[in-house]
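Take a look at the structure set out below.
All of the numbers you see were taken from the coordinates with simple rules; none came from a lab. Keep in mind that this is a model prediction, so the values were computed, not measured. With ideal geometry, Cβ positions are generated from the backbone for all residues, glycine too; neighbour counts draw on all protein chains shown.
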Amino acid sequence: MTFLPDHLADLYDSTQVLVAAYDCFDRLRYANPAFRAAFVLGPGEELTWAEIMRRNHAARRGTIITAADFDAWLVSTLSRRGKVPYRSFETDLYDGRWLLMTESVSAAGWMLCIASDITALKADGRDVRQARDRAIREAQTDDLTGIANRRFITARVDDMLAPGALGGTLCVLDLDNFKYINDLVGHLAGDTVLRDFAARINGLIRRKDCFGRVGGEEFVLVLPQTSPEEAVLIVERMLSVVRQSRPLPQWPDFAYTFSAGIATGGPGTTFSDLFGRADRALYMAKMSGRNRIQVDGEAPPAVMAARG
């Protein structure tokens, strides 16, 4: 997809700086030759970032990923990727290069990636800088599921409610009858269910959205610039996907569901107020039969059982 003016495209085509743009669904829409060479992409290939990482990791090329469990690393990284307007970090490639990479995200959710080769720079502080980056990442990650934790989620809600922001919707998601699940299949299997839920929901969110675990079987979905009506449609799809999941091979008939409470806020709303209203809506969804959605301010008869 070409969307650059000719003179700018010529500059990007000739530079050794890596330049790429991903759309709001994290699919590559532009990459200059330097980027395509580094990540072994053919002309015109428009894979998602996750597809690029998976293919290159299997072939031991592109970015070096040292995690023992690639899938867990991917879930964890996707839960935080593109959720802040700008970040920079260092990474190394199998071809021996060391890159300084920046990610800039637009209000529409598109991401511009620019990377420069810093292999020749003094390397004395690399280990320290990577240790710092790992510490930051771990401080923002839920240990069990690998997705964002309460700290990271709270910061994204604060961003959504900040002066000048456009507000949005907060959804509190809670697995139904989770204590019964633990009693039925055991706590280790219950942990598997939590990880399955996190991975499935995380795979359905948009770039601008953020999903994380805030404790136990309770999760939060942050939907900036999203109306309650749009949020209901998004969560209905999630309900349908989760209903179809069979995460325990040893119990092939085991299935689970969740309930959701939805509330909307804008600048001037506090995290506590918004979360409290969404949590009360969740309670109403549970009391109305579970496996459904309740929007803050709607009477229980108006609760919409999700289709599917």
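With the biggest extent put first, the Cα atoms of the chain measure 62, 47, 37 Å across the principal axes. Against the chain, whose longest principal axis is taken from its Cα atoms, helix 49-59 shows a tilt of about 60°. Take every DSSP beta bridge whose two residues both sit in the chain; close to 90 percent of them are antiparallel.
Simple spin-label estimate for Gln225 and Thr102 gives 2.1 nm between the two label positions (7 Å along the Cα-to-Cβ direction from each Cα).
Provide the FRET efficiency to the nearest 0.05 for the Ser116-Arg54 pair, computing r from the beta carbons and using R0 = 22 Å. The pair Ser116/Arg54 has a calculated efficiency of 0.30. For the stretch 207-308, the residue among Val222, Ala281, Val242 whose Cα projects farthest onto the positive side of the dipole built from Cβ charges is Val242.
Relative to the longest principal axis of the Cα atoms of the chain, helix 228-243 runs at roughly 90 degrees. Pairs of Cα atoms in the stretch 29-177 fall into 5 Å distance bins, from 0 up to the last occupied one, in shares of 2, 7, 14, 20, 20, 16, 11, 7, 3, 1, 0, 0 percent. Positive end of the dipole of the stretch 124-199 (Cβ unit charges, origin at the Cα centre): among Leu161, Ala199, Val172, the Cα lying farthest that way belongs to Leu161.
Taken along its three principal axes, the alpha carbon spread of the stretch 196-307 comes to 49, 33, 24 Å, from the longest extent down to the shortest.
Exposure proxy for Met238, Met160: other Cβ atoms within 10 Å of each Cβ, ordered fewest to most, give Met238, Met160.
Between Leu184 and Ala131, residue separation times 0.36 nm minus the direct Cα-Cα distance comes to 15.0 nm.
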